[in-house]
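The values are calculated or read from the model by the stated rules, or taken from the named source; none is laboratory data. Remember, predicted model here, so these are calculated numbers, not experimental data. Every residue, glycine among them, receives a Cβ derived from its backbone with ideal geometry; neighbour counts consider all protein chains shown. These accessible areas exclude ligands, DNA and RNA; they are computed on the full protein's heavy atoms, side chains included. Shrake-Rupley method; radii C 1.70, N 1.55, O 1.52, S 1.80 Å.
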Amino acid sequence: MRSAFENNDIKSIQSILKDKNNEIFRDQEFSQYLDDLLRNIRLKVLQKKVEPYRQVSLEFLAKEINIEVRDVRQLLSELILEERIDGSINQLSGFLELN
């Protein structure tokens with residue numbers, strides 16, 4: 001899990017989290033922070049994924065990290081508000097436009 005996190009490997013992390021028999025779910029402390037951990041991983045991966053683009057489709061990003069477009073929009077909004085990415089979301093076209 002740690003290696004996947006450090007390498008921004010969201011697919012490996014999701015695979016680990018799908019296995020409900022995994023021993024990490026027996027750790028109550030880990031389970032308590034699971035949602036925050038997954039959110040932070042998604043933020044980090046999204047930030048890295050959009051770097052090479054001037055414009056990128058929200059649908060493409062959703063497929064890349066295996067979440068709904070509305071969740072991508074919410075995460076990108078957070079990144080923009082925190083000034084971690086410099087851009088805006090075009091609601092009509094469904095694209096993130098980077099400055």
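The figures follow:
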{"quantity": "Region 40-60 residues that are under 18 Å from Phe5 (Cα atoms), paired with ones that are of a type in the set (Lys, Arg) and open to solvent by 70 Å² or more (accessible area, probe 1.4 Å) (beta carbon under 8 Å, 6 or more apart)", "calculated": "Leu43/Arg84; Gln47/Arg84"}
{"quantity": "Among residues of region 9-27, those that are open to solvent by less than 80 Å² (accessible area, probe 1.4 Å), modelled with pLDDT of 75 or more and of a type outside the set (Asp, Glu), counted", "calculated": "5"}
{"quantity": "Conditions (1) in a helix (DSSP H, G or I); (2) open to solvent by less than 60 Å² (accessible area, probe 1.4 Å); (3) at pLDDT 95 or above; (4) touching a helix residue (DSSP H, G or I) at 6+ places or on another chain (Cβ under 9 Å); number of the one not met by Phe30", "calculated": "(3)"}
{"quantity": "Complete set of residues in region 49-99 that are more than 18 Å from Arg39 (Cβ to Cβ), assigned to a helix (DSSP H, G or I) and not basic (Lys, Arg)", "calculated": "Glu59, Phe60"}
{"quantity": "Test: residue in region 45-65 that is exposed (fewer than 14 other Cβ atoms within 10 Å of the Cβ) and at positive phi", "calculated": "no"}
{"quantity": "Conditions (1) modelled with pLDDT of 80 or more; (2) open to solvent by 70 Å² or more (accessible area, probe 1.4 Å); (3) part of a loop (DSSP other than H, G, I, E, B): number failed by Arg39", "calculated": "(3)"}
